[in-house]
Amino acid sequence: MATQHSRSAARFMMAPAVFLLLVWMLVPLSMTLWFSFRRFLPLRGGDQGFVWFENYSRFISSSAFWPSVQTTLIIVGGILLISVVFGILLALLLDQPMWGQGVVRILVIAPFFVMPTVSALVWKNMFMDPTNGLFAHLWRAFGADPVVWLSDAPLFSIILIVSWQWLPFATLILLTAIQSLDSEQLEAAEMDGAGHLSRFGYIILPHMSRAITIVILIQTIFLLSIFAEIFVTTGGAFGSRTLTYLIYQRVLESQNVGLGSAGGVYAIILANIVALFLMRIVGKNLDA
Amino acid sequence: MARAVSNPRKALNTAIAWGIGLLIFFPILWTILTSFKTEAEAIANPPVFLAFDWTLENYSVVQERSNYMRFLWNSVFIAGGSTLLGVIIAVPAAWSMAFVPSKRTKDILLWMLSTKMLPAVGVLYPIYLLCIQLGVLDNRYALVVILMLINLPIIVWMLYTYFKEIPGEILEAARMDGAGLKEEILYVLTPMAVPGIASTLLLNFILAWNEAFWTLNLTAVDAAPLTAFIASYSSPEGLFFAKLSAASTMAIAPILILGWFSQKQLVRGLTFGAVK
């Protein structure tokens, strides 16, 4: 039904979205690239010309770089591990017959809709505050000294807060995947004498593998750029500075735009590596 | 997968699932409860659960001190404006990709997706600088445009997957019955597309409402939405748990309710149609 006429109309209808996204991608990206090659300190001398790759090597050789990479890996890895493992368990549980399934689903999914600044502040104050937080009360009730969560265990605290937000997302997607499983397959396996574990290992898990991959990829992309949770809890202190936060500090706090932009280019490359895998899966799905 | 199971087994499932569900929900519940306490009760040890003097005082204090309504309006304006604008731009695009696909449709869709993967911090300074140069730092309209651009790929994708499900045969049948392009769009396609568009609006409103990178970095006073308002509580003075809770409850309540309606769309929207 695609005539020449409708094809040109289609191109015309697509044009605004394509054009806007093209501008949105190219303009800031080329500016970041441009700045990354220059010595640019807006508050201390302004733009002082090309230094080419000096920013790139300085960003990597600065003492803050490798710790921030390590922090990023721990935070992203920790959250992924928690949300995928518990997400699978929760999805299996929620798939079981029970009373009030709809309500439980609502309870479990709720944290995903809480805005990041709210969840970070609620956890920081009402749970993790060393004098008045609920955890402190709980610790004292058992005669233990309250933990100063955000300075003594900053990474664990941030992982806990962000996992609380993302576990619902993983659960929901994995539950959707489980529910699309053909129950006859399971029944057949059951009749052939397959136990719970082998049914899980040989039927359910392989069926979920694509959903798990997608959860990991999408979460990685979002988690690589978590910002608000660090901004309002530790402000990057106590070794909780991720790559994203380091770049933010270079650009806006210490106003070293050249250096920060070089960091930004690294972040873009890193995100694109992950994105490539995700796009391959999504692209395959488009053909089907 | 509704399987017949014995009642004791079902009761056990129910107990475990409710226990875990309530545990996960507890921080939200606790925030809502605390918002009705006095500041002294909010930090009481042992904590009081329900047996306290319920008060609405915190809500009025928050409103008086900080002009909460302005932040709320900014959130509504920015989230609503960016979503509406995005859908208006995305509907024709998704429409043509779904109904008049060409060889390049897939590439365009994937490329759009790739723009969503661009880490915000990588382009923080350029956007910041452009906002200053254009005089739109701390401006609601600028945030409407920026959040629209951020969510545009998701909007196009969601609409595309919905439109794709409208069977093309229906169009041909309508044409055989003598429907022109106008009738086709008005009476055949629109009614079938409305649910998909509504879901897209809903999910993207939620995403824009909770967006907390650009809203924190590009606003100060005038355009600050609720995300920035709540962040201002990160350097508190004195007792403030109850007030923080009241402010938080007001910021998340509308979205929690909308969110519960959008569970299904969430999966489709955030996995780009790869999990349905």
(request) Could you tell me whether the stretch B:153-168 includes any residue that is of a type in the set (Gly, Ala, Ser) and more than 14 Å from chain A (Cβ to nearest Cβ)? (result) no
(request) List the number of the failed condition for B:PHE272; all other conditions in (1) buried (at least 24 other Cβ atoms within 10 Å of the Cβ); (2) modelled with pLDDT under 85; (3) over 17 Å from the mean Cα position of the chain (by Cα) hold. (result) (3)
(message) Against the condition within 22 Å of A:ILE216 (Cβ to Cβ) and surrounded by 23 or more Cβ atoms within 10 Å (Cβ to Cβ), how does A:ILE178 come out, does it pass?
(response) no
(request) Go through the stretch A:114-124 and give me each residue that's crowded, with 24+ Cβ neighbours inside 10 Å and either in a helix (DSSP H, G or I) or more than 7 Å from chain B (Cβ to nearest Cβ) (or both). (result) A:PRO116, A:THR117, A:VAL118, A:SER119, A:ALA120, A:LEU121, A:VAL122, A:TRP123
(request) Enumerate the pairs (first residue in the stretch B:165-191 and in contact (Cβ under 8 Å) with a residue 12 or more places away in the chain; second residue anywhere and in a loop (DSSP other than H, G, I, E, B) and surrounded by 15 or more Cβ atoms within 10 Å (Cβ to Cβ)) with beta-carbon separation below 7 Å, excluding pairs fewer than 6 apart on the same chain, so at least 6 apart or on different chains. (result) B:VAL188/B:ALA179; B:LEU189/B:ILE166
(message) Please go through the stretch B:143-197 and give me each residue that is out of contact with any helix residue (DSSP H, G or I) (no Cβ under 6 Å at 6 or more places or on another chain) and among the charged types (D, E, K, R), ordered by number.
(response) B:GLU165, B:GLU169, B:GLU172, B:ARG175, B:ASP177, B:LYS182, B:GLU183
(message) So, in the stretch A:159-177, how many residues would count as being within 17 Å of B:GLY21 (Cβ to Cβ) and β-branched (Val, Ile, Thr)?
(response) 1
(request) Quick one: A:ALA188 ticks every box in (1) buried (at least 21 other Cβ atoms within 10 Å of the Cβ); (2) out of contact with any helix residue (DSSP H, G or I) (no Cβ under 9 Å at 6 or more places or on another chain) except a single one, so which number is it? (result) (1)
(request) For B:GLY168, indicate whether it is at positive phi and exposed (fewer than 14 other Cβ atoms within 10 Å of the Cβ). (result) no
(request) Taking only the stretch A:129-175 into account, find how many residues are part of a loop (DSSP other than H, G, I, E, B) and surrounded by fewer than 21 Cβ atoms within 10 Å (Cβ to Cβ). (result) 12
(message) I'm trying to understand the selection: among the residues of the stretch A:262-288, which are within 7 Å of chain B (Cβ to nearest Cβ) and within 30 Å of A:LEU150 (Cβ to Cβ)?
(response) A:GLY264, A:ALA267, A:ILE268, A:ALA271
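This table checks each residue for (1) closer than 23 Å to A:PHE222 by Cα; (2) assigned to a helix (DSSP H, G or I); (3) at pLDDT below 90; (4) not β-branched (Val, Ile, Thr).
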residue	(1), (2), (3), (4)
A:ARG7	no, yes, yes, yes
A:VAL23	yes, yes, no, no
A:SER30	yes, yes, no, yes
A:LEU33	yes, yes, no, yes
A:PHE40	no, no, yes, yes
A:VAL108	yes, yes, no, no
A:PRO111	yes, yes, no, yes
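Residues checked against (1) within 12 Å of chain B (Cβ to nearest Cβ); (2) crowded, with 16+ Cβ neighbours inside 10 Å:
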residue	(1), (2)
A:SER6	yes, no
A:LEU21	yes, yes
A:LEU26	yes, no
A:LEU29	yes, yes
A:THR32	yes, yes
A:SER36	yes, yes
A:PHE40	yes, yes
A:GLY49	no, no
(message) Please return the ranges of helices (runs of 4 or more DSSP H) entirely within the stretch A:179-242 where 3 or more residues are among the polar types (S, T, N, Q).
(response) A:205-224
(message) Please count how many residues of the stretch A:46-63 are closer than 17 Å to B:TYR125 by Cα and assigned to a loop (DSSP other than H, G, I, E, B).
(response) 0
(message) Filter the stretch B:98-115 down to the residues that are assigned to a helix (DSSP H, G or I), without any contact (Cβ under 8 Å) to a residue 60 or more places away in the chain and among the hydrophobic types (A, V, I, L, M, F, W, C) and list them by number.
(response) B:ILE108, B:LEU109, B:LEU110, B:TRP111, B:MET112
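The values are calculated or read from the model by the stated rules, or taken from the named source; none is laboratory data. Quantities reported herein were computed from a predicted structural model and do not represent experimental measurements. When we count neighbours, we look across all protein chains shown, and the Cβ atoms used for this are built from the backbone with ideal geometry, even at glycine.
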